[in-house]
Amino acid sequence: MTAPPILIVHASGTNRDGDAAQAVELAGGSPRIVHVNQLRRGDVKVGDHAGVLIPGGFSYGDALGAGQRLALELRLWFGHELSEVVAAGKPVLGICNGFQVLVKAGLLPGPLGGDAAAGVRQVTLAGNSQGKFECRWVALRVEPEVRSGWLQSIRGSVIRCPIAHGEGRFVSAGDAVTDELETQGLVAFRYLSCGAVSPDPSEPIRAAAGAYPANPNGSSADIAGICDRTGAVVGLMPHPEDHVLDWQRPNGAPGGSGLPLFAAFVSAARQ
Amino acid sequence: MTLRVAVTPHRDAEGEAVVASAPLVGVTGLVDCRVSRIYHLASEGELSDAGVERLCREVLVDPVVAQYCTGEAAPAEGRAIEVAALAGVTDVEARELERAARQLGLGELRVSTAIRYDLIGDLDDNAVAAITRRLLANDTIEQSCEGSLPPTFAAQASAEAKVESVPLSNLSDAELEILSTERVLSLDVGEMRVIQAYFDGVGRDPTDAELETLAQTWSEHCVHKTFRAAIELTHISADGARSVTRHDGLLAALREVTEELDPWWLRSAFVDDAGIIAFDDEHDLAFKVETHNHPSALEPFGGANTGVGGVVRDILGVSARPIACTNVLCFGPADLPDERLMTGVLHPRRIRDGVVAGIADYGNKLGLPTVNGAVVYHDGYIGNPLVYCGALGLLRHGSHPTEARVGDRVVAIGGRVGRDGIHGATFSSATMDASTADKVGAAVQIGDPITEKGCIEVVERACQAGLYNAITDCGAGGFSSAIGEMGEDLGVEVDLEGVRLKYPGLQPWEIWLSEAQERMVMAVPVESLPALGQLCDDWDVELTDLGSFTGSGDLVVRHGSTPVIEMSMDFLHNGLPRREMTATWVDPPPAAVSSPAVTGQTVLDLLAHPDVASKEDIVRRYDHEVRAGTVVRPLVGRNADGPSDAAVLKPLGTNRTPSAAVLSSGLCPRVGEHDPYAMALLALDEAVRNLVAVGGDPDRVALLDNFCWGDPTRSDRLGGLVRAVQGCTDGARRYGMPFISGKDSLFNEFEGRAIPPTLLISALGLVPDLNSAIDSGGMADGDDLWLVGQGSGSLGGSVADAVYDLGATEVPRPLDDPLPRYRAVHSAIKAGLLTAAHDCSDGGIAVAVAEMAIAARHGVAVTVPADGSDQFAALANEGPGRLVLAALPGDRDALGEILGAHGRRIGKVTADKRITLGVATRSIGATEGAGIVVELQDAVAAFTGRSSP
């Protein structure tokens, strides 16, 4: 099988690009880490890639809000190219800072239809409810009802991986927006109550119900990630790219690897 | 025009934190605190309403969670306090907003930021002042007022470059001394005389820049005068016997052992910014630990922040990619009553919180996992905290170029030069007092991790492409140290006019001396400049070509056509006279100690001591997962809240072999107060047993030393230092482990009171197969528990001594022959025979066993051998060389064979949730007394400070 070229966008302060590249490679893709400056100069074209991944880190130091500065650059400089990528159904994945960027650039959740005025941000990732950066393992589920086409093959599966963020609290502009996300199948990942580091197979799979630390940041409706209406664009706060090899998990706990997510991403890119 | 924009979040954890902290500074009336970010936008022309609205909507304000208002400050609901950084302090928010405005086509804005706190509640002036001074603002780098502050733009006035000549030739000794003090040169009279004589010979007075350059280069911080000095030590033992020995250089003694041992895997020791050892057949590892004590005392966030930045640059300075960070912190007691706080000192709790936030900010933003560390709380650190920052790097074997050539360009990359950070090296080479903050506040900086991150990306690629012939970091002393050192053999000529400045108006000596944090200097062949320039453009890094390596042997610095420095490199680097110093060490008299009775509460008391208790609140602030290679984490066990012995890391991109790196540390300053020699050996042992506990190979260990000491010109301090170095050299020989790098931070005194002698030993080793690595929490019901090693009857320097104020002075005896037991444990781990292992250190075996139970959330039943001690000492002594191991009963014979006489079976892991401890007086099974029972949940509560399942 061919290894589809995956663009991994690096802005100054991006730091999980290497982790993401390793995950993409293990999943059969061909990752290419490219700095925004090189894209802007036209040395490398977004459209030459079969998928786009915006990895974690602190783009521009998260000055003025997490992901805010890179979101502006994406809108100003690559808005058209990214919409072409989405229109072509190529997968776009934002992890942690990349998720924040996609939300703040307006690509996630994208236009919701209904009453929501176009161009006004409907959801965001705000400071963690405990008021500080936190690093810990979490369990999350790929939502069974998720709309995204490329997540279908892993619907309902559990991923165990770390979070490492200070601004990961998913907030929507109101209950109507949250309902819209739920009914349209735009909620892609939810934090689970079951053990993140020492899973007990007998424990039922249940959402965290807001309880800390299973829901590690106070996210509304335990939402860890969402997708857009086309299903091409997906974002999440936790780091599945840091759990793609067996030895990366604590306590040798079986299952729950993040690798299938990248396999689904690469597989969608291949089509 | 200048426009003010205030952005206020709907809900604010930062405000809630202020409310929660107010009672700690004696304020009870604060009920709410709203926090707003203030942006002053200055523009040459008019700012259109539409433009401002666009900037707010697209950049400044997240409409889901915040609102904004423009124009005059809103009236205060309660008492409004504004805090802003002093002009010239790094302000990344302002810089990024200026860039965003340009990108949006809004032209050139200048931005100044502030924070406004609306304090609501029943507050009098004293309460507002206490909150402002003790929670919101630090005068060293910030200004604050009630109401609104004017914007704090850095002065834009460009001053003419002036080089001052400093009259020196006819000054008396007293006048020389005054000159040294006034200019913060930290040079003694003898050194000043040598400088005077040199310039008398040249026939002119030195320039300001020349004098400052000599002071930096000859500072304790840069040249380690004490560690190079000839020292005469008078050692008086407890019985009054007196012996005198001569020590011909402490650094030389450490290097000598390394040269003696010279293992095949040692790549580089002591010669460069970091020590280097082999990792696999392609890669090497570079390791360095630094301290940033004095800056952290004055401005905890900035001091610790730039401490991380500095040690990471040391790793870049050996052409390695930084891959992990460590930190070891020593503070005064977090619950120190206000009346015991000295004037001019921040409260230990504030120092701790600021330091942790500073380390988290820098390490997390660089994308480096912070994986190993320790925290010690002790009265002796109230006026002078210690902040050790370590960094590990990975490089391809043989890839680090170290020889500049004549004609190479002197190229600086990274951050711009400002006035902050001047005198960092000389400031850290003096003791502190209540006025230090006022005198040297400018030496303290706020870091800019994203700029340093750019340098990391550029250096990695420039090294791969072979674009430079030598590289070093700009640390304390800025260009003066970096270029001065790089050009030592060849000589350099540099023009400062082209240096990029944060703001105009810096004098040549300031440009030359300022310790801008995020900067590296390289020797670049002319033909490689275009490629390096392109690389820097790609990664948002600024590059300045400053001059060239000349071959003249002179240091020549100009600012345009104005001469700034013309000195021989030989004088700069070899002119410093060697110090002759005298030292005294008096062994403390033995003290009779009576042990308290042992109860379940004893175990809980030891677990709750701040040095032992959980550091989870700190550890989780650090990203310890980034780079996808953390195998053994800082928190382990069933609920990931048990303490880890050491960190095991698999560097990204090295998956071809299963080997992993292991990092650990050891320190025991409480022992150092009684016996610095023993402290060195015991700290070394602690680092080694931690490393072995997770699967590290005891025959592949490299060590770093970091001495933090008082004023070495006082003979008692120096006596302890010599004894500690003797402990290190004896230890290196005994353990067969070379020191590969080290650092000393002296003058850690506040108003004449020295810190406890503190030696941190950091160990770097290899785990041959990452799949065999274990931690302290992996055991299951029914596992056997084994003890390796013998206890000690001595409680001097132990946590138990601190908890119960026993007055013990006799410290545990270091091991004579440590390696056989560690090799045996390592063999057992490699054979897959152990399910868990944990070292016995702070709090003794009682704590070790309890911590394992907490990590695994299982019960344990253990009978501890008395080894000649009473019951209390048997449980709480901190004798070296001991590990508790867990193994399947089925592996009992195999394990017994490997451990031989080193191991004894002491109990079991149990299904009940209880920690049961007894002490065997003669043999296993004959328990003295009824034994102690502690409920696991009580142990968890004592350890974590909160009730938990």
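The values are calculated or read from the model by the stated rules, or taken from the named source; none is laboratory data. The shown structure was predicted, so the numbers you read here are calculated from the model rather than taken from an experiment. Here the Cβ is made from the backbone with ideal geometry for all residues, glycine too, and neighbour counts use every protein chain on show. Quick note on the areas: whole protein, heavy atoms, side chains included, nothing else; ligands and nucleic acids left out. Shrake-Rupley method; radii C 1.70, N 1.55, O 1.52, S 1.80 Å.
Packing around the peptides A:9-16, B:885-892, B:67-74, B:716-723, taken as the average count of other Cβ atoms within 10 Å per residue, puts them in this order, highest first: A:9-16, B:716-723, B:885-892, B:67-74.
The Cα-based radius of gyration of chain B, divided by its Kirkwood radius, gives an Rg/Rh of 0.97. May I ask you to give the percent of accessible area on chain B that is carbon plus sulfur, with a probe radius of 1.4 Å? That share works out to 48 percent.
Look at the stretch B:85-96: the mean tally of other chain Cβ atoms within 10 Å of its residues' Cβ atoms is 2.
Extents of the range A:73-232, taken as max minus min of Cα coordinates on every principal axis and listed largest first, are 47, 35, 28 Å.
Taking the alpha-carbon centroid of each part, what is the distance from the range A:149-173 to the range B:859-878 in angstrom? What the calculation gives is 48 Å, centre to centre. What whole number of Å gives the distance from the Cα centroid of the range B:62-106 to the Cα centroid of the range B:645-692? Rounded to whole Å, the Cα centres lie 45 Å apart. Descending by average beta-carbon neighbour count within 10 Å, the peptides B:527-539, A:121-133 line up as A:121-133, B:527-539, the highest first. Within 10 Å of the Cβ of each residue in B:62-68, the mean number of Cβ atoms contributed by other protein chains is 6. Near the amide H of B:Ser665, within less than 5 Å, lie the amide hydrogens of B:Ala763, all on another chain or at least 5 residues away, with H placed in the peptide plane.
Put A:Glu81, B:Glu77 in order of accessible area, highest first, and with a 1.4 Å probe you get B:Glu77, A:Glu81. Using only alpha carbons, build the gyration tensor for the range B:737-813 and give me the equivalent ellipsoid semi-axes, biggest first, whole Å. So the equivalent ellipsoid measures 33, 24, 12 Å along its semi-axes.
Taking all Cα-Cα distances within the range B:800-839, those exceeding 17 Å account for 56%. The alpha carbon convex hull volume per residue for the range A:176-216 rounds to 88 Å³. With N as its number of residues, the range A:230-271 has a Cα radius of gyration that, divided by 2.2 N^0.38 Å, comes to 1.34.
The value obtained for the range A:1-127, namely the Cα convex hull volume divided by the number of residues, is 109 Å³ per residue. No solvent, one uniform scatterer per C-alpha: report log10 I(q)/I(0) for the range B:98-175 via the Debye equation at q = 0.14, 0.15, 0.23 1/Å, two decimals. Those come out to -0.77, -0.80, -1.14, one per q. Which of the pairs A:Lys132/B:Lys615; B:Lys225/B:Lys743; A:Lys104/B:Lys453 have their Cα atoms more than 18 Å apart in this structure? Pairs exceeding 18 Å: A:Lys104/B:Lys453. Across the options B:Val788, B:Gly29, A:Gly195, the greatest Cα extent toward the positive end of the charge dipole of the protein assembly as shown (unit charges at beta carbon of Lys, Arg, Asp, Glu) belongs to A:Gly195. In terms of overall dimensions, the range A:37-98 has a Cα radius of gyration and Dmax of 11.8, 33 angstrom.
The calculated Kirkwood hydrodynamic radius for chain A is 18.1 Å, given to one decimal from all distinct C-alpha pairs. Overall, chain B carries a charge dipole of about 2000 debye about its Cα centre when +1 sits on the Cβ of Lys and Arg and -1 on the Cβ of Asp and Glu, all other atoms neutral.
For the protein assembly as shown, a crude dipole built from +1 on the beta carbon of Lys and Arg and -1 on the beta carbon of Asp and Glu, taken about the Cα centre, is about 2940 debye to the nearest 20.
The Cα center of the range B:762-823 and the Cα center of the range B:452-495 differ in position by 42 Å. For the range A:200-271, the orientation-averaged shadow of the C-alpha convex hull comes to 6.4 nm² (one quarter of the hull surface). Full extension of the segment from B:Cys145 to B:Val271, taken as 0.36 nm per residue of separation minus the current Cα-Cα distance, would add 40.4 nm. Neighbouring Cβ atoms from other chains, within 10 Å of the Cβ of residues in B:617-624, number 5 on average. Dipole orientation for the range B:637-706: of the candidates B:Leu684, B:Pro669, B:Thr657, B:Thr657 has the Cα lying most toward the positive pole (charges on Cβ; Lys, Arg +1; Asp, Glu -1).
Expressed to the nearest 5 percent, the antiparallel share of DSSP beta bridges inside the range B:325-403 is 45 percent.
Evaluate Rg over Rh across the protein assembly as shown, taking Cα atoms for both radii and Kirkwood's formula for Rh. With Rg and the Kirkwood Rh in hand, the quotient comes to 0.96. Expressed as a fraction of 2.2 N^0.38 Å, the C-alpha radius of gyration for the range B:104-229 is 1.70. Each helix, a run of at least 4 DSSP H residues, gives -39500 (n - 2.57); summed and divided by the residues of the protein assembly as shown, these come to -8500 deg cm²/dmol at 222 nm.
Note on the range B:149-287: Cα Rg divided by 2.2 N^0.38 Å, N the number of residues, gives 1.61. Interface residues of the range B:359-388, defined as those losing at least 20 Å² of solvent-accessible heavy-atom surface relative to the isolated chain (probe radius 1.4 Å), are listed as B:Asn364, B:Lys365.
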